[in-house]
Amino acid sequence: MLASYEAAPAVLGFGISSNEHVRAACAAGFDGVIVGSALVQRVTDNLHDRPRMRSSAAEMMREMKPATVRLRV
């Protein structure tokens, strides 16, 4: 049995396709974001070229990651 229960983090998962969206979600108080269709689009745009598919998806995540980091004050 669990000693305590905690709520799951509040995340936003609709319309997230850029680092500006991530930054706005975090500034609004969300704990994180879920990127779905924007990432799937990168994959499907590059189905013919697997190395490009991987690099495009990785590039998107590299661009978004810094927007998730909260500065300690």
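Every read-out reported here was derived from the displayed coordinates using simple, explicitly stated rules and does not represent laboratory data. Nothing here was measured: the structure is a model prediction, and the numbers come from that model. Cβ sites come from the backbone with ideal geometry, for glycine too, and all protein chains shown count toward neighbours.
According to a simple spin-label model (label point 7 Å from Cα along Cα-to-Cβ), what is the distance in nm between Val40 and Ala7?
Taking the two extended label points, one gets 2.8 nm.
Based solely on its DSSP helices, what 222 nm [θ] is calculated for the chain when runs of n ≥ 4 H residues each add -39,500 (n - 2.57) and the sum is averaged over all residues, nearest 500 deg cm²/dmol? Write out the running numbers ahead of the final one.
On the way: 3 runs with 33 residues, N = 73.
The per-residue figure over the chain is -13500 deg cm²/dmol.
Would you mind calculating the gained length between Leu47 and Asp31 on full extension (0.36 nm times residue separation, minus the Cα-Cα distance), in nm to one decimal? The partial results should precede the final answer.
On the way: separation 16, 0.36 × 16 = 5.76 nm, distance 3.19 nm.
Gain on extension, Leu47 to Asp31, equals 2.6 nm.
Taking square-rooted eigenvalues a ≥ b ≥ c of the alpha carbon gyration tensor, is segment 1-44 rounded, prolate or oblate, where a/c under 1.5 means rounded and, failing that, a/b exceeding b/c means prolate? Each step should come with its number before you reach the end.
Values: a/c = 4.80, a/b = 1.79, b/c = 2.68.
It is oblate, given that a/c is not under 1.5 and a/b is not larger than b/c.
Output the peptides 12-24, 42-54 sorted from most to least packed, where packing is the average of other Cβ atoms within 10 Å over each peptide's residues. Before the final figure, lay out the partial values.
Details: 12-24: 15.8, 42-54: 12.2.
Highest to lowest by the protection proxy: 12-24, 42-54.
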